[in-house]
Amino acid sequence: MSRKVFDLEAVLAVLQEEVKKYRTPVVDLIAVQTRDPYNVLVATILSARTRDATTAQAAARLFAVAPDPATLTRLAEPELAELIHPVGFFRQKAGFLARLPPALNQLFGGRIPETVEELVQLPGVGRKTANLVVAVAFQQPAICVDTHVHRIMNLWGYVKTAEPAATEMALREKLPSRHWQTINSILVAFGQAICLPRHPRCPQCPVRQWCPAADRKTNNQPASKPRKEKKP
């Protein structure tokens with residue numbers, strides 16, 4: 001069998017349309033409602049290691065009480081923890097949120113900064129969160145690499161990296177800048193609906209014809225064990 005040629009442009013063109021049928025990732029959903037940097041930043045902090053539905057509910061409760069950094073300042077850490085529960089690591093995230101307004105005031109005069117280098121100085125903000133805020137809230141070129149982007153890009157063989165941070169750097173060198181802002185939204189939706197980490201739905205995959213891992217995954221499925229005949 002001839003080796004498949006991976007065509008990134010063709011794959012992303014198909015997925016751009018395909019993911020419109022899927023559930024929208026929560027941060028993109030919030031961005032449709034408002035691109036306010038505060039909302040996007042806080043929702044992204046809450047979303048780490050948390051299902052989208054849980055994040056959306058927690059964000060709605062929090063924003064109803066604290067729609068901006070000034071009102072967030074009035075909430076004590078235990079109140080924040082109660083509002084955002086049951087997001088993953090909710091107590092730790094409550095601490096991040098409690099420290100966010102003072103950090104913004106001290107470092108950036110109360111504004112949400114617009115660069116990755118500035119954003120990572122805030123509590124609870126790593127490069128993934130910072131890149132997503134830059135791309136979604138400020139509509140600037142940034143590559144947000146979460147587990148889906150890291151996993152799928154390596155599955156396709158587009159990069160060969162061991163961790164998301166290395167994937168971000170590799171994509172900055174290789175991925176055309178026109179895809180930077182959308183790559184996360186596309187691959188998160190695709191990774192949640194079709195290209196699942198443990199049981200990918202390869203037969204339903206709209207880009208299987210280009211995927212170098214599709215046949216390998218299918219062929220590597222464990223064969224069913226023959227039934228043992230009952231002894232007479």
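The values are calculated or read from the model by the stated rules, or taken from the named source; none is laboratory data. Keep in mind that what you see is a predicted model, and the values were worked out from it rather than measured. Neighbour counts are summed over all protein chains in view; Cβ atoms, including those assigned to glycine, are modelled from backbone coordinates with ideal geometry.
So the values come out like this:
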quantity	calculated
Test: residue in region 89-96 that is on the phi > 0 side of the Ramachandran plot and surrounded by 14 or more Cβ atoms within 10 Å (Cβ to Cβ)	yes
Selection count, region 1-19, where residues are at pLDDT below 90 and either surrounded by 18 or more Cβ atoms within 10 Å (Cβ to Cβ) or among the charged types (D, E, K, R) (or both)	2
Residue check, Gly124 surrounded by fewer than 16 Cβ atoms within 10 Å (Cβ to Cβ) and small (Gly, Ala, Ser)	no
Some residue of region 10-27 being farther than 26 Å from His179 by Cα and of a type in the set (S, T, N, Q)	no
Leading residue by the ranking (surrounded by the fewest Cβ atoms within 10 Å (Cβ to Cβ)) among those in region 138-168 that are hydroxyl-bearing (Ser, Thr, Tyr) and either within 25 Å of Asp36 (Cα to Cα) or in contact (Cβ under 8 Å) with a residue 40 or more places away in the chain (or both)	Thr147
Set Thr50, Thr73: member being of a type in the set (Ser, Thr, Tyr) and modelled with pLDDT of 95 or more	Thr73
Search result, residues across region 176-205 that are farther than 14 Å from Leu155 by Cα, part of a loop (DSSP other than H, G, I, E, B) and touching a residue at least 40 places away in the same chain (Cβ under 8 Å)	Trp180, Gln181, Thr182
Single unsatisfied condition, Pro102 versus (1) buried (at least 22 other Cβ atoms within 10 Å of the Cβ); (2) at pLDDT 95 or above	(1)
Failed item in (1) modelled with pLDDT of 95 or more; (2) small (Gly, Ala, Ser); (3) not assigned by TED's automatic domain parsing to the domain that holds Thr115, with Ser185 passing the rest	(1)
Every pair of residues 6+ apart whose Cβ atoms lie under 8 Å, when the first sits in region 71-89 and is over 14 Å from Leu46 (Cβ atoms) while the second is outside any loop (DSSP other than H, G, I, E, B) and not hydrophobic (A, V, I, L, M, F, W, C)	Thr73/Pro101; Thr73/Pro102; Glu77/Gly95
Some residue of region 193-208 being in the same structural domain as Phe6 (by TED's automatic domain parsing), within 20 Å of Arg49 (Cβ to Cβ), at pLDDT 95 or above and not hydrophobic (A, V, I, L, M, F, W, C)	no
Subset tally (residues that are in a helix (DSSP H, G or I) and without any contact (Cβ under 8 Å) to a residue 40 or more places away in the chain) for region 101-127	11
Number of the condition not met by Lys160 [criteria: (1) part of a helix (DSSP H, G or I); (2) of a type in the set (Lys, Arg); (3) over 18 Å from Ala10 (Cα atoms)]	(1)
